[in-house]
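Encoded as structure tokens, the structure appears first; notes follow it.
The values are calculated or read from the model by the stated rules, or taken from the named source; none is laboratory data. Here the structure is a predicted model, which is why all the values come from computation and not from measurement. Here the Cβ positions follow ideal geometry from the backbone for every residue, glycine too, while neighbour counts run over all protein chains shown. Areas reflect the complete protein model, heavy atoms only, side chains present, ligands, DNA and RNA absent. Shrake-Rupley method; radii C 1.70, N 1.55, O 1.52, S 1.80 Å.
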Amino acid sequence: MSDPLIPTPRRIYFDNAATTFPKPKVMVEAIENYFAHLGASPGRGAYAESIEAGRLITETRRTLNRLINGQSPDHIVFTLNCSDALNLAIKGLLAGAISATSKPHAICTDIDHNSILRPLNALADRGEITVTRVPVNPKTGLVNVDDIRKAVLPETRLIAITHVSNVIGVVQPVAAIGRMARELAVPFVVDAAQSIGHLPLDVQADCIDLLAAPGHKALMGPLGTGFLYLRPGMEKLVRPLREGGTGSVSENDRQPDFMPDRYEPGSHNAPGIIALGAAAKWVEEQTIERLYRHDLDLVRTFIEGVSNIDGLTYFGPQGVRDRVGVFSFRIEGYSPAELSAVLESGYGILTRSGLHCAPHAHATIGTAEGGTTRLSFGPFLSKQDVKFATDALSEVADMARAGK
């Protein structure tokens, strides 16, 4: 192990929960091919380049629909990112329920990301809705399905949950929540930012009505991509948030009511979506099951490596069950920001420190002041990389006990 005060040229990327890196070669090639040979806006011309760009975007919808076992590729709506998709799902769904005589009610949890919390709170702050935030187990981060059931009111119009926590990696029981929500006829919104590409997803089996996902995380696509899947029929409940040109029915000055044009005004991010399609095909070829097994191998390696480090605490599930490779931890004697700086400067280990856009999650685990340092895994990391990281953490903990 190198001297922790001497920078090393080796750089190991452990911030895959923010965005994955590196990306598959096919993704980069897809972007290069678009700019070198297509360059056209899909749906805006009858010439070959525009038609081919449109075909590739349609193929991306089909690939994503297969990955989540959706009912129709046309119900994959492209968005700017997962936050944009959640805004459409939450605000679009609740907008249709607001009336002069009653306020719709929404349910979320303490483990949720700000991409769920902020849209709900924006509506609540305007007095348009009421919100119940269900607590989670402070040790595991898991929510009790019965607690969600007890929170349901006659006015409840959605249940929204973060499938996998970006703070502690805990996997929520979405299938059980989905069945309960379907039984009560309450639309179920799932934030799949940290689950899609990591875990098998089946929107039909899990009774998911609206699934929001980023393209740039475990789907291995570029930043600035994402999508919302709407179960057929939900388009009757979810109001569009934007209108504009679609290249379809241009003679009509009203937004089309058919899918996916109902929710996709303006020119597409064609290079991003096409690159996402190539990356998603790479994920499909690798198979989610294989990627999940690899992630679990890394999880086991990390847990084994830190289990006997004095002064280190990691949060969330204390084993491989109910988690993915997202670990938040603290080492006595270091602030999270200081620990991240030491790991980078001394070992070339790239992490993220802070509150990770999930303030109630940190309050639940007792880290609201300063947050944690986070390591998150991706498919191009090896068990040797993770072992290098745990060895580094052991050295840093030893330094803390020795007074640095």
Would you check if there is a residue in the range 323-333 being over 28 Å from MET27 (Cα atoms), modelled with pLDDT of 95 or more, surrounded by 22 or more Cβ atoms within 10 Å (Cβ to Cβ) and of a type in the set (Phe, Trp, Tyr)?
yes
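Within the range 296-313, take every residue that is open to solvent by 60 Å² or more (accessible area, probe 1.4 Å) and within 27 Å of the chain's Cα centre (by Cα) and give me the one that is nearest to SER335 (Cα to Cα).
Looking at residues that are open to solvent by 60 Å² or more (accessible area, probe 1.4 Å) and within 27 Å of the chain's Cα centre (by Cα), I get THR313.
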Residues being among the aliphatic types (A, V, I, L, M) and open to solvent by less than 10 Å² (accessible area, probe 1.4 Å): count how many of those fall in the range 255-272.
1
Of all the residues that make up the range 357-373, how many are closer than 17 Å to ILE161 by Cβ and of a type outside the set (A, V, I, L, M)?
4
Quick check on ALA36: is it more than 27 Å from the chain's Cα centre (by Cα), modelled with pLDDT of 95 or more and among the hydrophobic types (A, V, I, L, M, F, W, C)?
yes
Could you tell me which of the residues ALA358, ALA389 is in contact with a His (Cβ under 8 Å, 6 or more places away or on another chain), surrounded by 20 or more Cβ atoms within 10 Å (Cβ to Cβ), in contact (Cβ under 8 Å) with a residue 60 or more places away in the chain and not hydroxyl-bearing (Ser, Thr, Tyr)?
ALA358
State the number of residues belonging to the range 268-290 that are more than 21 Å from VAL324 (Cα to Cα) and of a type outside the set (A, V, I, L, M, F, W, C).
6
Of all strands (runs of 3 or more DSSP E) fully inside the range 74-166, the set with 1 or more residues that are more than 27 Å from HIS268 (Cα to Cα) is 105-109, 130-134, 156-162
Subset tally (residues that are surrounded by fewer than 21 Cβ atoms within 10 Å (Cβ to Cβ), more than 20 Å from the chain's Cα centre (by Cα) and aliphatic (A, V, I, L, M)) for the range 74-122
5
Return the residues of the range 126-173 that are without any contact (Cβ under 8 Å) to a residue 12 or more places away in the chain and not basic (Lys, Arg); say none if nothing qualifies.
ASN137, ASN144, ASP146, PRO154
Restricting attention to the range 236-249, which residues are under 24 Å from GLU59 (Cβ atoms) and either free of Cβ contacts under 8 Å to residues at least 12 places away in the same chain or among the β-branched types (Val, Ile, Thr) (or both)?
THR246, VAL249
Tally of residues being under 21 Å from ILE12 (Cβ atoms), open to solvent by less than 30 Å² (accessible area, probe 1.4 Å) and not small (Gly, Ala, Ser) across the range 361-386
8
Testing GLY233 on (1) touching a residue at least 60 places away in the same chain (Cβ under 8 Å); (2) open to solvent by less than 60 Å² (accessible area, probe 1.4 Å), one condition comes back false. Which one is that?
(1)
Quick one: which residue in ALA213, ALA175, ALA181, ALA160 is among the hydrophobic types (A, V, I, L, M, F, W, C) and either open to solvent by 10 Å² or more (accessible area, probe 1.4 Å) or modelled with pLDDT under 95 (or both)?
ALA175
Of the candidates ALA337, ALA279, ALA275, the one satisfying the condition of being within 24 Å of the chain's Cα centre (by Cα), part of a helix (DSSP H, G or I), hydrophobic (A, V, I, L, M, F, W, C) and surrounded by fewer than 22 Cβ atoms within 10 Å (Cβ to Cβ) is ALA337
Taking the range 65-85 and keeping only residues that are over 18 Å from VAL238 (Cα atoms) and out of contact with any Leu (no Cβ under 8 Å at 6 or more places or on another chain), one is left with ASN65, ARG66
